[in-house]
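To keep things clear, I will list the structure first and then write my remarks on it.
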Amino acid sequence: MNSLLVQSILTERIIFISIVQIWPIFYGSFFAFKLLKRAKNRLTITLSSVFVLISLTYFLVYLSVILLNWTFSYLIYVFGTYTFIFSQGVLVIFSWLLINVDKKTIYWKLSLGIVFYGISSIYVLWVGIYFEGIRFDSSTNWIPIFSWDFLIISWSYLVLFIVFPQVYLSLRMLIVFEGVILKRRVHMFIISVFLEFLMVFFLILYNTWIENQLYRTFHMFFFPPLTTISAYLVYKGFGKELG
């Protein structure tokens, strides 16, 4: 009986994941393709990297569910969480790059920023695996569960290294970019970026606050359309005009 119940839960989860996770893989890959097809410069490569990382995240999460009986399914899921957090750092780098696009000697700063966020995001692997901040196994019915410590550390990281820098960069954008059309694009981009960050906060809470079924139901219905809108507005705000 328990075996049938677990199998039913797994089947429902695979169906849900198949519906929810494949769509971000599609639109992330589509936006990355459109950007790189238009041009291959620092701006398009950086922004397309954000979409590639998001697509990779959802692909790894989907793969971890499909390969539940495989030994490395847990590691695949945790690494998918890492790429998701890393993608938010790359989005901040893109904002910085927009402001400094005309400067010729910023390659080393760009590389340093990528290395910084790549290394600092490793906290996901460290806290998630070695301190059991992320659980994803038969004891959780193969539902990913984040510890409250992991939530606090993740939110602190996001506030200090993602939100605060983006607030500063957003204020700089409002000063640097002039003209009515550019101002509209800046406003659209800023709103979309912070909407994306808000979705990250909600997603981490969703995997932590598992006992609140009301919130989890609300999240399942509103998270997919909001992330889609956020990604589209990021692309439309500046990505559509990059060349």
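Which one, (1) 142; (2) 179; (3) 123, gives volume of the Cα convex hull per residue in Å³ as derived from the coordinates shown?
(3)
Could you please rank TRP108, TRP155, TRP126, TRP96, placing first whichever residue has the fewest other Cβ atoms within 10 Å of its Cβ?
TRP108, TRP126, TRP155, TRP96
Just need the relative contact order of the chain here, percent rounded to a whole number, with Cα pairs under 8 Å and 6+ apart.
Once divided by the residue count of the chain, the mean separation gives 20 percent.
Using Cα centres only, tell me the gap between region 91-151 and region 170-224 in whole Å.
Answer, in whole Å: 17.
Fully extended, how many nm does the chain gain between PHE26 and ALA39 (0.36 nm per residue separation, minus their Cα-Cα distance)?
Length difference between fully extended and current span is 2.6 nm.
Expressed in nm to one decimal, what extension gain is obtained for the pair LYS236 and ILE210 from 0.36 nm per residue of sequence separation less their Cα-Cα distance?
Residue separation times 0.36 nm, minus the Cα-Cα distance, leaves 5.9 nm.
How large is Rg over Rh for region 45-128, taking Rg from the Cα atoms and Rh as the Kirkwood inverse mean of 1/r across Cα pairs?
For region 45-128, the value is 1.09.
Every number here is computed from the coordinates shown, using simple stated rules; none is lab data. As the structure is a computational prediction, the values presented were derived from the model and not from experiment. We place every Cβ from the backbone using ideal geometry, glycine too, and count neighbours over all the protein chains shown.
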